[in-house]
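Data first, discussion second: the structure below is written as structure tokens.
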Amino acid sequence: MTSPLTLRVLYFAQVAERTGQRQESWDWPQDGTVQQWTDALLQRYPNLSDMAGRLHVAVNQFHAKPTDPVRPGDEVAVFEPVTGG
């Protein structure tokens, strides 16, 4: 369970492999944007930098744009797009 000043962060597929975990809690005591959170993600996990242009983010189970808000207590999921044939 997350506290009101943290984010629940979920990782999927290659992102989970590269971070070495499926989920974690992040301190996030302020309002920010998806872009700010993504920048923090890439600082925390520099080995994701080559994936930066492909990463998708969902906030509270809704696909998010870079300008969408990320607030304390939110659930943030990060993943690569899925394609099918």
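Assuming GLN21 fulfils every condition listed in (1) part of a helix (DSSP H, G or I); (2) open to solvent by 20 Å² or more (accessible area, probe 1.4 Å) apart from one, which condition is it?
Of (1) part of a helix (DSSP H, G or I); (2) open to solvent by 20 Å² or more (accessible area, probe 1.4 Å), only one is false for GLN21: (1).
Given the condition of a type outside the set (Lys, Arg), modelled with pLDDT of 95 or more and assigned to a loop (DSSP other than H, G, I, E, B), answer yes or no: does some residue in the stretch 27-36 qualify?
Taking every residue of the stretch 27-36 in turn, none turns out to be of a type outside the set (Lys, Arg), modelled with pLDDT of 95 or more and assigned to a loop (DSSP other than H, G, I, E, B).
Of the conditions (1) open to solvent by less than 30 Å² (accessible area, probe 1.4 Å); (2) hydrophobic (A, V, I, L, M, F, W, C); (3) in contact (Cβ under 8 Å) with a residue 40 or more places away in the chain, ALA13 fails just one. Which one is it?
(1)
Could you check the stretch 50-85 and list, in sequence order, the residues that are surrounded by 11 or more Cβ atoms within 10 Å (Cβ to Cβ) and in a helix (DSSP H, G or I)?
Residue satisfying the conditions is MET51 alone.
The values are calculated or read from the model by the stated rules, or taken from the named source; none is laboratory data. Everything numeric in this text was worked out from a predicted model, so none of it was measured. With ideal geometry, Cβ positions are generated from the backbone for all residues, glycine too; neighbour counts draw on all protein chains shown. The accessibility values were calculated without ligands, DNA or RNA, using every heavy atom of the protein model including side chains. Shrake-Rupley method; radii C 1.70, N 1.55, O 1.52, S 1.80 Å.
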